[in-house]
Amino acid sequence: MRNVRVGAAQLGPIQRAESRASVVKRMLALLEEAARRGCTLVVYPELALTTFFPRWHVEERAEFDVWFETAMPGPETAALFQRAAALGVAISFGYAEKTPAGEHFNTSILTDRKGAIIGKYRKIHLPGHVEFDPARTHQHLEKRYFLPGDLGFPVFHAQDGLIGMCICNDRRWPETYRVMGLQGVEMVILGFNTPSVNSQKAAEGLEERMFHHRLSLQAGAYQNATWVVAVAKAGVEDGHHLMGGTLICDPEGHIVAELPGEDDGLLVHDCDLDATRFGKETIFDFKRHRRIEHYGRITAQVGVETPPQSA
Ligand code: ING
């Protein structure tokens with residue numbers, strides 16, 4: 001039994017005018033509750049320090065550097081790292097990263113229980129578009145403001161096991177989980193900011209989005225015999241609704257815990273990393289069952305290439 005008591009720390013809405021300091025206070029309150037409830041790991045959402053700014057278009061991208069962190073810990077987040085270390089709790093959260101070379105990424109970090117950053121991930125599957133799209137009911141400009149991640153899908157030794165990270169849209173892509181599964185991942189932790197309506201398909205609302213959200217997480221967990229912890233930033237940000245759906249899937253693909261509502265809240269669950277063993281040693285024993293000689297298209301092609309018509 002290698003138990004990890006995880007605290008999935010959902011954040012309610014962050015308005016454009018809200019300061020980082022104010023958000024960090026909310027994160028600290030969730031951290032205190034998690035420590036009181038015996039958590040050793042607390043997972044916060046994607047872009048946890050600011051509003052979901054990729055919904056806004058600016059012509060001059062440098063204007064949006066205000067949403068990015070150039071240091072981590074930074075002036076406002078140092079208190080979070082210090083308190084987590086004092087409490088002996090590891091934390092993971094997402095933020096907009098601007099590197100010294102001036103690159104912009106949608107990033108998440110993972111610390112050990114002493115507050116040291118032991119893992120970093122940069123979002124690879126960026127949804128949305130680069131230019132303002134008048135045909136959409138709302139903009140989703142992640143491809144405008146972020147570069148695709150350049151760190152791959154690493155897995156880290158943490159919490160007496162193997163933990164990997166991904167971010168939001170990544171959860172919809174099977175490659176995300178499989179690349180980590182091939183490194184033995186036992187828990188995938190991720191944050192998300194998901195608009196509750198599809199900007200290109202008005203008929204697709206909250207129910208359908210929740211269905212795809214759960215489907216993606218459960219499939220990823222089951223097909224790689226791993227725990228999956230998904231944490232929302234939820235609620236209405238400056239009139240734009242983000243869905244909830246903070247939940248934990250076990251290595252058999254079952255949703256074993258789910259947080260109702262769209263406010264700040266903590267979902268706590270005991271995750272036994274040894275529960276991943278059966279799936280990894282039987283049905284998803286990759287070494288025994290995978291036939292990579294037939295999988296070439298997966299890395300040889302980007303898009304679809306249909307077979308030639310028979311003469
Ligand atoms: N948000 C959304 C997500 O993947 C999206 C974008 C929603 C894409 C629904 C496709 C369908 O949850 C982010 N931030 O990736």
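The values are calculated or read from the model by the stated rules, or taken from the named source; none is laboratory data. If you're wondering where the values come from, they're calculated on a predicted model, not measured in any experiment. Note that each Cβ is placed from the backbone with ideal geometry, even for glycine, and that neighbours are counted across all protein chains shown. The protein model used for the area step is the full one, side chains on, heavy atoms only, and it has no ligands, DNA or RNA in it. Shrake-Rupley method; radii C 1.70, N 1.55, O 1.52, S 1.80 Å.
The single condition among (1) among the polar types (S, T, N, Q); (2) open to solvent by less than 30 Å² (accessible area, probe 1.4 Å); (3) modelled with pLDDT under 95 that THR137 does not satisfy is (2).
Taking ARG26 as the residue in question, decide whether it is of a type in the set (Lys, Arg) and out of contact with any Cys (no Cβ under 9 Å at 6 or more places or on another chain).
Details: of a type in the set (Lys, Arg): yes; out of contact with any Cys (no Cβ under 9 Å at 6 or more places or on another chain): yes.
For ARG26, the condition - of a type in the set (Lys, Arg) and out of contact with any Cys (no Cβ under 9 Å at 6 or more places or on another chain) - is met.
Note on region 117-136: residues that are within 13 Å of the ligand (Cβ to nearest atom) and not aliphatic (A, V, I, L, M) amount to 6. A search for C-beta distances below 6 Å between a residue of region 91-103 that is closer than 28 Å to ARG5 by Cα and any residue that is among the hydrophobic types (A, V, I, L, M, F, W, C) and in a strand (DSSP E or B), counting only pairs 6+ apart in sequence or on different chains, returns ILE91/VAL42; SER92/VAL43; SER92/LEU110; SER92/ILE189; GLY94/ILE167. In region 269-296, the residues that are closer than 16 Å to LEU182 by Cβ form Cβ pairs under 7 Å with partners that are part of a helix (DSSP H, G or I) and open to solvent by 40 Å² or more (accessible area, probe 1.4 Å), at six or more places apart or across chains, as follows: PHE284/GLN223. Can you tell me how many residues within region 239-257 are more than 12 Å from the ligand (Cβ to nearest atom) and closer than 26 Å to VAL179 by Cα? The qualifying residues number 12. In region 170-246, counting only strands (runs of 3 or more DSSP E) that sit wholly within it, the ones holding 2 or more residues that are modelled with pLDDT of 95 or more and open to solvent by less than 10 Å² (accessible area, probe 1.4 Å) span 187-192, 227-232, 235-237. On the stretch given as region 46-93, residues that are polar (S, T, N, Q) and surrounded by 14 or more Cβ atoms within 10 Å (Cβ to Cβ) total 4. Filtered by the rule that a residue be surrounded by 22 or more Cβ atoms within 10 Å (Cβ to Cβ) and assigned to a loop (DSSP other than H, G, I, E, B), region 30-45 gives CYS39, TYR44, PRO45. Considering GLY205, GLY265, GLY220, the condition of being within 12 Å of the ligand (Cβ to nearest atom) and either of a type in the set (Val, Ile, Thr) or touching a Ser or Thr at 6+ places or on another chain (Cβ under 9 Å) (or both) is satisfied by GLY205 alone.
Taking VAL130 as meeting all but one of (1) more than 15 Å from the chain's Cα centre (by Cα); (2) closer than 17 Å to PHE68 by Cβ; (3) β-branched (Val, Ile, Thr), write down the number of the exception. Result: VAL130 fails condition (2) only. The one condition from (1) farther than 17 Å from GLY235 by Cβ; (2) open to solvent by less than 10 Å² (accessible area, probe 1.4 Å) that MET27 does not meet is (1). Can you work out which of the residues in region 100-125 that are in a loop (DSSP other than H, G, I, E, B), touching a strand residue (DSSP E or B) at 6+ places or on another chain (Cβ under 7 Å) and open to solvent by 10 Å² or more (accessible area, probe 1.4 Å) is farthest from HIS157 (Cα to Cα)? Out of the qualifying residues, it is ARG113.
Go through region 46-61 and report how many residues are within 12 Å of the ligand (Cβ to nearest atom) and assigned to a helix (DSSP H, G or I). First the steps, then the outcome.
Going residue by residue through region 46-61, those that are within 12 Å of the ligand (Cβ to nearest atom) are 46-47, 52-55.
Narrowing further to those that are assigned to a helix (DSSP H, G or I): 53-55.
The number of residues fulfilling the criteria is 3.
Taken together, VAL236, VAL155 contain a single residue that is within 30 Å of VAL58 (Cα to Cα) and more than 9 Å from the ligand (Cβ to nearest atom), which is VAL236.
Just one of (1) open to solvent by 20 Å² or more (accessible area, probe 1.4 Å); (2) touching a His at 6+ places or on another chain (Cβ under 6 Å) fails for ALA257. It is (1). Does region 5-14 contain at least one residue that is touching a residue at least 24 places away in the same chain (Cβ under 8 Å), in contact with a Phe, Trp or Tyr (Cβ under 8 Å, 6 or more places away or on another chain), in a helix (DSSP H, G or I) and more than 18 Å from ASP160 (Cα to Cα)? No, region 5-14 has no match at all.
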